[in-house]
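Working notes, beginning with the structure itself.
FYI, it's all coordinate maths here, none of it is from the lab. The shown structure was predicted, so the numbers you read here are calculated from the model rather than taken from an experiment. Every residue, glycine among them, receives a Cβ derived from its backbone with ideal geometry; neighbour counts consider all protein chains shown.
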Amino acid sequence: MSQDTRESPQQHAQRRFGRRLREHILVEFRELFADHDDYEDDEGLGVHALLRDAVKARASDIHIDPFPGHYQIRLRIDGVMIDVIEISPEQGQRLAHQFKVLANIDPLPSVNCDEGRFSYDMNEQSLDLRVTAVPCVSGDKLAIRVLSPPQAVKEVRQLGIHHKGVESIRRWMDANGSMFLVAGPTGSGKTTTLYALLHELKLNDSHVITLEEPVEYEVPGINQIQVNPTHDLTFANGSEAMLRLDPDYVLIGEIRDVPSARAAVNIATSGRALMATLHSRDAVGTITALRNMGLDDYEISSNLGLVAAQRLVRMLCPECKVEDKPDDIETKWLQEQGREVPAKVWRSEGCPACNDLGYKGRLGIFEIWQPTEQDFAMILNHEDEHSLRHALIERGEMLMLDDGLIKVEEGLTTLRELLQTGMSLPGYRPQKS
Ligand SMILES: [Zn+2]
């Protein structure tokens, strides 16, 4: 057995990079705290240094985690949690206390979870921060989410959707009166995809209205309504009111329960084009999800227009990626999925440009499913998602994994990233042709 298969990716990184790993992250914060166990930060300099450093590292979340004997500072970068530095319990408690005061949370240790927000001005940019405090056995854990404004919204073709998929989306935009669902787990970039669509629709002469809970980003030129159950503005009566405004396209954030699923069907059956997100593993998984939310097969098959399933994977750092061969784990995984094993893949060494992480930025992996007559017949026949998935594979449709493999061969990402998204095909056994 080769050495590669015996060690985990973390062990591999440790062996390879040793203590150099991650020292490019939190430089300013490190200067204050590292090797100064007794540093008493009475002026709150640590808060400022941590926020500046975290934004520089493109972190979406900062975690201050209490453990027996130390506090651990961790950052989520490109969706992956990175342990960055340990500080003393006193320093950790003081830092947590300062963040709680800023966020208007009672700074005394509590038995309940608490949440607050604050704004922070940095380099002419205003950051919105949401702080969640959770009591743990060793002290208060703090999670700080950086609510950054959306990056310049991309056009649909810039999202990384393959040519045929973009064509299907354009066709859906031109034809009225069906549902376009964007499917994937939390944090898979669904909202970015929908907002890219909204921006394109805005360029047409069309009337677009959204009903969201909550409104995540404001899009100039589009009427956005926020669901507010305490004031009796629900999905049900909101969608009724919306139809009287005569929209061409309607976006309702997430279909998550019976009322939102019912609202979606009502809008689509009234001849409007409807966009929504949905939690599901892949494109055909949306059928199971919609059935579970009380829609019958007829309602699904007569209203479903298009489904885009997606995941985000990290992009290889262009500065330090090197050519390599797939290792044993990757080879076995691809064989189980019935896919050809590429002769050449890329891996990253880690360098200052990517904070020694080997990756920089993220990329979407897509599966665009435009149901055919055969698929609709199967839905009406109450066939399950496994049968539908099998039909797609038989037809040779490009699934998420296929799209991912193209991006691996182009050197944009790694097999390990694909493997970790869990986009494998349950129950699928390849048939030798
Ligand atoms: Zn690099």
Around L233, which amide H atoms from residues at least 5 apart in sequence, or from another chain, sit under 5 Å from its own amide H, with H modelled in the peptide plane?
N228
Quick note, region 157-309: a/c under 1.5 would make it rounded; otherwise a/b > b/c is prolate and the rest oblate (a ≥ b ≥ c, C-alpha gyration tensor); here it is rounded
For a quick check: with amide H placed at 1.01 Å from N, whose amide H comes under 5 Å from R311's, ignoring anything fewer than 5 positions away on the same chain?
I365
Among the listed pairs K141/K321; K202/K360; K190/K407; K56/K141; K321/K407; K190/K325, which are separated by more than 25 Å between their Cα atoms?
K141/K321; K202/K360; K190/K325
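Among DSSP beta bridges lying fully in the chain, give the percent that are antiparallel, nearest 5.
Working: 51 of 74 bridges.
Roughly 70 percent of the DSSP beta bridges within the chain come out antiparallel.
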Given the chain reduced to its alpha-carbon atoms as identical point scatterers, what log10 I(q)/I(0) does the Debye formula return at q = 0.08, 0.14 Å⁻¹?
-0.55, -1.33
Quick one: which residues, 5 or more positions from E212 or on another chain, have an amide H under 5 Å from its amide H? H modelled 1.01 Å from N in the peptide plane, none for Pro or chain starts.
I225, Q226, V227, G253
For K332, which lysines qualify as cross-link partners when the Cα separation must be under 18 Å and same-chain residues fewer than eight apart are set aside?
K344, K432
Mind telling me which of D205, D83, D248 comes out most flexible in a GNM of the chain, alpha-carbon contacts under 10 Å?
D205
Of the DSSP H helices in the chain, those whose Cα atoms cover at least 18 Å axially and whose Kyte score averages 0.0 or more:
190-203
Checked region 235-374 against the a/c 1.5 cut and the a/b vs b/c comparison, axes a ≥ b ≥ c from its Cα gyration tensor; verdict prolate
Which Cys in the chain stand alone, with every other cysteine's Cβ at 4.7 Å or more from theirs?
C113, C136
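Hey, what number do you get for the chain at 222 nm if only DSSP H runs of n ≥ 4 count, each worth -39500 (n - 2.57), divided across all residues, to the nearest 500?
-10000 deg cm²/dmol
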J(HN,Hα) series, region 219-233, from Karplus relation 6.51 cos²θ - 1.76 cosθ + 1.60, nearest Hz, glycine and proline x
10, x, x, 10, 7, 10, 10, 9, 5, 9, x, 5, 9, 6, 9
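Can you classify region 325-375 as rounded, prolate or oblate using the Cα gyration tensor, where a ≥ b ≥ c are the square roots of its eigenvalues, rounded means a/c under 1.5, and otherwise it's prolate if a/b beats b/c and oblate if not?
On the way: a/c = 4.21, a/b = 1.55, b/c = 2.71.
Oblate, since a/c reaches 1.5 and b/c is not below a/b.
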